[in-house]
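Here is the structure we will look at, set down as structure tokens.
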Amino acid sequence: MVKLIMGLKGSGKTKKLIASINEVLAEASGDVVCIEYGKKLTYDINYRVRLVDSQEYAVGNSDMLKGFLSGLHAGNFDITHVYIDNLYKTIGADRANGEDFVRWCVKFAELNNMNITITISDDPEQASEDIRAYL
């Protein structure tokens, strides 16, 4: 399952992400991973969540992030939830590329029985119809 938290800068996306992580931790039986751009969530995220700074692994575009997610899963089949904060900062602010990445995540999550939640700084009204289904 893929869920998008989309809104313009300052609309509270990261706070919603943190709240979702805390909810999942209370009930999840598997491992939870949060990928962020920069080390901003260190003190906001519970220690049981594997917090990963994408900059430390030179993830700079969507293909690299796809490989990174695939590698995380290959190394740990117990991951049930992946959170990605600030998608456009990680892969570049390109709406078409971001939407293609979301479509890939839908297939990847379904294939691997995983939940993926992504925050995107963009106007939800500008998203394509199929992407808005995940809001």
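Can you report the number of residues in segment 85-123 which are polar (S, T, N, Q) and in contact with a His (Cβ under 9 Å, 6 or more places away or on another chain)?
Summing the residues that are polar (S, T, N, Q) and in contact with a His (Cβ under 9 Å, 6 or more places away or on another chain) in segment 85-123 gives 3.
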(Q) If I go through segment 76-99 residue by residue, how many of them are surrounded by 15 or more Cβ atoms within 10 Å (Cβ to Cβ) and either assigned to a strand (DSSP E or B) or not aromatic (Phe, Trp, Tyr) (or both)? (A) 16
Q) Do any residues in segment 49-62 that are farther than 18 Å from Ala93 by Cβ and outside any loop (DSSP other than H, G, I, E, B) have Cβ atoms under 6 Å from those of residues that are at pLDDT below 95 and aromatic (Phe, Trp, Tyr), where the two are at least six apart or on different chains, and which pairs are they? A) none
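The values are calculated or read from the model by the stated rules, or taken from the named source; none is laboratory data. These figures come from a predicted structure and were not determined experimentally. No Cβ is skipped: glycine too gets one built from the backbone with ideal geometry, and neighbour counts run over all protein chains shown.
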